[in-house]
Amino acid sequence: MDPITTVLQLAFYALFGVSVWQYAHNRGPLELSVMAIFGSFAALFALSFLNALQPALTPIARPALIAILFAQPYLVLRLIAQIRPVRRVVSQVAFLGGVLAWEATVFVPPIATAFGADALRVVGLLYSVLYFFAVEIGAASWFALESRRRFGVARLRLAAASVATGLFGASILIAGIMSAGRAPNTPASADSQTVLRAMVTIAALGYLAAFVPPRWFRRLINRAASYQLVRSLVAPTATNGGTLWTDLAMTARDILGARRVSILPAAPGAPLAVVGERVPAEASRSLVVTSVELPIRPDDPDAERLVAEVEGRPLFVGDDLALIADLCSLTAHATEREEMLIGLGEARREAEESRTVRASEARFRALLEADPNAILALDEESKVTWATHQAGELFGAPVDRLIGLGLSDLVAVHKDEATTSTGDRQIFRSETTGRRVDGTHFPAEMARSTFELDGRPFQVAVLSDVTWRHEADQIRDRFLGVLSHELRTPVTSIYGGTQLLLGRGSRLDSETRNELLVSVAGEAERLQRMIENLVAMARIERGGEFGGTRPVLVDRIIKQLVEREKALWPEVTIKLVTSAPVQMVAADEDSIAQIMRNLLSNAAKYSGPGSTVEVSLEDTEGEVLVCVRDDGPGIVEEDADKLFALYYRSATQAATAPGAGIGLFVCRELVATMGGRIWAKPLPDRGAEFGFSIPAYVDELDAASTDEEPLPVFDRDGGQTKAPATA
């Protein structure tokens, strides 16, 4: 025997001892069958050793060792029958065939030699090896098919068992054929014995790798298999924990070959996943059902559990359970990840919805805050729950201070509210009086409507300060009163003078008639100016346009107006002060005339008889200044800008002479249309100055020529010397 084969067979016996030790610690029919299969190899190796060491003992031990050898196919079928159902007739035929093969191997050769029937020996030997080979090849095929269904270490172990079984059957077949071709009692050649020993040794090592692999090897293969399974089990297509639990149950069913696999929750309740009825019904009647239970989380045995109902005794169940335990742990982590991702997704959606709601609320608040009116939100007890910034300004307090106050604390609620309808909602409107926090009052308008929010009734109140309207009404009433008085005076004078002239004109002397005519003409002039101002004011309020500007000799127009006003105001000294003619202005003659008539009549009216009114013209760069100065009571510096407002009259004006507050307003608007400016200021000693400016007229041709670049100057050789200086 060669040393290598001897070493391999000794290593086999060492590992065979390990299998015996494992059976001693876990005595079951499956483990016993595995040990019996190893025993057949041990018998074959023992026969080989006996032939090599003690040839004389071979005839004595040979029948027992051959019996053990031919029991190996039956033992393999017995092993398979404990895992998958095998028909009883097949087991009986295999057992009977093994007995016949043993008899053909032990008893037929001596009988054939005694009678010289070598053919009988050959037939018996061929029957034995063919029986052995057929059963072994069938078992090897079953191991191969079973390996394709399994995962991890179980797949490799079943594949190794398939190869070992087929190789062992082939070695027996080859040995029998070689023995049948030799003469009786003729030893086989050394080469053939070496090949057969190598095949049997490899088959034995294959069984060792299948049934007694190292623990580290099993763990390494299981981890690789679990990684591949997890890639499909915990795929990105899984959207929730229920899908993962179902996939785990299906994978565990495939690994164990179980009839039913359930994933039970930690607390009593419905299973998380159930995968049922996988094996045929006829198999269920012939196999024992074993319940296998594993904790999903190894560090928490009270958490979810995997329960598998396995029919028969699973081969390599320890490796399968180790693989499933890894998958359970990974699936538990995956479900936690999925739940966390789902929670994150829900939190993200809630954050997006909250952000959208906040943005919508911010836009809604911005729209409400942009409303110039005060807006109050009231609860069912008419107490303020929310208010805009304008409400705080209206009631003179911070918004936080308004919260909790009753509506009656802020406004006088009237019972005679007017009711209008907008769709199916009623709106209550009323004119009321608001109360500021400091105790002051103001006229207000209020509109209220009711709505329902979260099943509770609420109100929204919109308030506006209408002080401006009351002031406008008062100003309009005062203006109409003043205007009627102002119109009545000239109309009365004109009516009385004309009636007097018509009734007694022929009896009056010429001087009296002239005085009456002058008086009627003056009052008519005054009435005309008032009508002109009213017409101009109406046009201004409508946004109408006035006459366009054109070149005007302003000194000529003003000189004529001064002479005319002198005749209208004989008791007032009106003079024009100018040193030289001024430049032309871009203006409207009618507008300048109306402005000067208003300013001169105001100066003469408020200064009174015996006063002096001075008109001056000043030519400045780009404009002409026209100033009207009087020596009357003057004005206050604070009233200088207010005097040009519509209907405004200062205390000094109201005490000095009647008026409607229209003339200066018309002057300001007319000056603005011509592109000028107007002002009023008190004089140092006495009186006031009212002035305005008019832009100077600029010829378009002259302006265009000044904008052009000067032509370059060239010398006689054609070179440019310098550009001429502009005048």
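Any read-out appearing in this document is the output of simple, stated calculations on the displayed coordinates, not a laboratory observation. Small disclaimer: the values here were computed from a predicted structure and weren't measured. As a convention, Cβ positions derive from the backbone with ideal geometry for all residues, glycine included, and neighbour counts pool all protein chains shown.
Once you place label points 7 Å from the Cα toward the Cβ at VAL123 and ALA266, how far apart are they in nm?
Between VAL123 and ALA266, the label points sit 7.5 nm apart.
Around MET340, what is the net charge, scoring Lys/Arg as +1 and Asp/Glu as -1 over all other residues with Cβ under 14 Å from its Cβ? Intermediate results must be reported in sequence, preceding the final value.
Working: positive: ARG337, ARG348; negative: GLU336, GLU338, GLU339, GLU346.
Value of the local net charge: -2.
Sticking with the crude label model, points 7 Å out along Cα→Cβ, report the distance from SER506 to ARG363 in nm, one decimal please.
So the label points at SER506 and ARG363 sit 8.8 nm apart.
Sticking with the crude label model, points 7 Å out along Cα→Cβ, report the distance from ARG348 to SER141 in nm, one decimal please.
Each label point is offset 7 Å from its Cα along the Cβ direction, giving 5.5 nm.
Rounded to the nearest 0.05, what FRET efficiency do VAL274 and VAL460 give with R0 = 51 Å and r taken as the Cβ-Cβ distance? Could you check? Could you put the intermediate results ahead of the total?
On the way: r = 57 Å, r/R0 = 1.12.
Using R0 = 51 Å, I get an efficiency of 0.35.
Could you give the length gained by full extension between VAL99 and LEU32, i.e. 0.36 nm per residue of separation minus their alpha carbon distance, to one decimal place?
The VAL99-LEU32 span can extend by a further 22.0 nm.
Work through the residues other than PRO298 whose Cβ is under 14 Å from its Cβ and net out their charges, Lys, Arg +1 and Asp, Glu -1.
Its environment carries a net charge of -4.
Multiply the residue gap between ASP300 and GLU621 by 0.36 nm, knock off their C-alpha separation, and tell me the result in nm, one decimal place. Could the numbers behind the result be given before it?
Values: separation 321, 0.36 × 321 = 115.56 nm, distance 9.86 nm.
Difference between extended and current length: 105.7 nm.
Once you list every other residue whose beta carbon is under 15 Å from the beta carbon of VAL518, what net charge do they have if Lys and Arg are +1 and Asp and Glu are -1? Before the final figure, lay out the partial values.
Working: positive: ARG513, ARG526, ARG564, LYS566; negative: ASP509, GLU511, GLU515, GLU523, GLU525, GLU565, GLU571.
Local net charge: -3.
State whether the stretch 401-458 is rounded, prolate or oblate according to the following rule on the C-alpha gyration tensor (a ≥ b ≥ c being the square roots of its eigenvalues): a/c under 1.5 gives rounded; otherwise a/b larger than b/c gives prolate, and the remaining case gives oblate.
Values: a/c = 3.25, a/b = 1.39, b/c = 2.34.
Oblate.
Please work out the FRET efficiency for the pair ARG550 and GLU417, using the Cβ-Cβ distance as r and a Förster radius of 51 Å; give the result to the nearest 0.05.
0.30
Which of the pairs LYS605/LYS681; LYS559/LYS681; LYS642/LYS681 have their Cα atoms more than 21 Å apart in this structure?
Table pairs above 21 Å Cα-Cα are LYS559/LYS681.
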